[in-house]
Structure formats: C-alpha cells, structure tokens
Amino acid sequence: MLNLVLFGPPGAGKGTQSQNIIEKFGLIHLSTGDLLRSEIANGTELGLEAKKLMDDGLLVPDAVVIGMISNKLDSNKDAKGFIFDGFPRTVAQAEALDSLLASKDSQIDGMVALEVDAEELKQRLLLRGKESGRPDDANPEVIAKRIKEYNDKTAPVAEFYKAQNKFTSINGIGSINEIFDSIHEVIQGF
Ligand code: AP5
C-alpha cells in the first residue's frame with residue numbers, strides 16, 4: 001500500500017495535484033472538504049451543521065471528519081493506497097489516522113507539504129470564488145480566517161510527521177506539471 005498525506009494551506013494546490021497523483025499511482029483520493037461538500041449537497045444533518053462552520057472559515061469537529069475517513073477506509077479494503085487531502089488538519093486527527101491505519105496493518109508513508117505564500121493563496125482563492133461561486137472563497141475575510149485556522153491548528157501537524165521522519169516540503173508555486181514532478185520524485189523515494 002502507498003499512503004500519502006498531501007499538506008498545505010487553503011489554495012496550495014492539494015486538490016489539483018491529487019488528480020495527477022491518483023491517475024499516476026491508482027490511489028483513492030480522500031478529501032474531507034469534498035466529502036463535507038457532498039454532505040451539504042445532499043442536505044444531510046451533518047452537512048447542515050458543517051456548512052455553518054465552513055462558510056465561516058472554521059474547522060468542523062475532529063470526530064466528524066475522523067468518522068468520515070474511518071468509513072471510507074472500511075469501504076475501500078482492496079485499495080492500493082490512499083491520498084489524504086485536507087486531512088489530517090489537527091494533531092488529534094493525525095493521531096486518529098495513525099490508529100485507524102495501524103488497525104489495518106498499514107501506515108502513512110509520507111507527507112508532502114506544498115509551500116505557497118499567503119498573498120498567492122488569497123489571489124488563487126478569490127479567483128476561484130469568482131469563477132465557481134464556492135462560498136468560502138467569496139470574500140477576503142473568510143479566506144483570512146481559513147489561513148489563520150491553518151496556522152493555528154493545522155501547521156502543527158507537520159511537526160507530527162517530521163518527528164516520524166515522514167515530512168518533505170516542496171515549492172507549490174510554478175506550473176502544475178513542474179509541481180507534480182517534484183511530488184513524483186518524493187513518492188519514488190518512499
Ligand atoms: P477543503 O476543501 O479541504 O479546502 P482547503 O484546504 O481550504 O483547500 P482548497 O480546496 O481551497 O485548496 P487546495 O489546496 O485543495 O487547492 P486547489 O487545488 O483547490 O476544506 C474546506 C473546509 O472544510 C475547511 O475550511 C473546513 O471548514 C472543512 N474541513 C475540510 N477538511 C477538514 C478537516 N480535516 N478537519 C476539519 N475541517 C475540515 O487549488 C486552489 C486554486 O488554485 C484552484 O483554483 C486551482 O486551479 C489553483 N491552482 C492550483 N495549483 C495552481 C498553480 N500551480 N498555479 C496557479 N494556480 C493554481
């Protein structure tokens with residue numbers, strides 16, 4: 001199995017690069033943001049609760065996203081591996097992911113962090129908000145809150161993987177193909 005955490009702040013390119021990686025390596029893409037948006041689109045109770053927090057740029061509770069990931073791991077028992085996008089976002093989520101994988105005799109092989117400065121992130125998200133209407137991209141205040149949540153609660157997750165010697169950081173600015181080449185090189189070293 002090959003299990004990769006793709007890490008980085010909002011707008012770093014995790015979703016974009018995930019598409020290339022799943023095509024190349026045949027992994028299953030698990031994006032907690034996509035799973036939550038699907039709950040919202042289906043009008044579930046979970047979706048309604050999550051929407052308030054997401055529209056406000058805040059993280060949803062750990063138990064909610066850990067439960068979603070646990071279900072996905074259980075329903076994809078024959079997978080060649082997983083790419084985790086937007087998860088884990090807190091140290092508690094990282095610890096839970098280690099336990100879930102250990103219970104399946106598996107583990108995270110590595111984390112790749114996409115480094116992009118705050119100004120570039122804001123520009124990318126505002127542009128996407130204009131084009132797609134995604135509510136949490138719509139205004140600079142919510143984008144700033146998402147970046148603050150990342151710095152306060154998510155950045156420490158990098159330390160968790162550094163302590164396990166599983167962390168690599170790459171430049172997330174440049175063409176999508178150039179960035180994919182860098183990720184590809186890291187994965188080859190696992
Ligand atoms: P989520 O959906 O995970 O959003 P995010 O982390 O804010 O990530 P984005 O999708 O905005 O960015 P990305 O890094 O995937 O970049 P992308 O490839 O899309 O989460 C949304 C919300 O859900 C959270 O705020 C939270 O409320 C909740 N949530 C989700 N997971 C959670 C968890 N685990 N715990 C708690 N709460 C959770 O690219 C962005 C844009 O840039 C695109 O328009 C793209 O075309 C463009 N772009 C990409 N690469 C490049 C490039 N190289 N050059 C120029 N433009 C580029």
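FYI, it's all coordinate maths here, none of it is from the lab. This is a predicted model, so every value here is computed, not measured. We place every Cβ from the backbone using ideal geometry, glycine too, and count neighbours over all the protein chains shown.
Table: residues versus (1) within 17 Å of G15 (Cβ to Cβ); (2) touching a Pro at 6+ places or on another chain (Cβ under 6 Å); (3) free of Cβ contacts under 8 Å to residues at least 40 places away in the same chain; (4) within 13 Å of the ligand (Cβ to nearest atom).
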{"site": "L127", "(1), (2), (3), (4)": "yes, no, yes, yes"}
{"site": "I143", "(1), (2), (3), (4)": "yes, no, no, yes"}
{"site": "R146", "(1), (2), (3), (4)": "yes, yes, no, yes"}
{"site": "K153", "(1), (2), (3), (4)": "no, no, no, yes"}
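Can you tell me which residue is farthest from the ligand (Cβ to nearest atom) among those in region 90-105 that are surrounded by fewer than 22 Cβ atoms within 10 Å (Cβ to Cβ) and not small (G, A, S)? Ranking the candidates gives D105 first.
Every listed requirement among (1) closer than 22 Å to E185 by Cβ; (2) surrounded by 14 or more Cβ atoms within 10 Å (Cβ to Cβ); (3) in contact with a Leu (Cβ under 7 Å, 6 or more places away or on another chain) is met by H29 save one, (3).
Taken over region 11-39, residues that are free of Cβ contacts under 8 Å to residues at least 40 places away in the same chain and closer than 22 Å to A144 by Cβ amount to 2.
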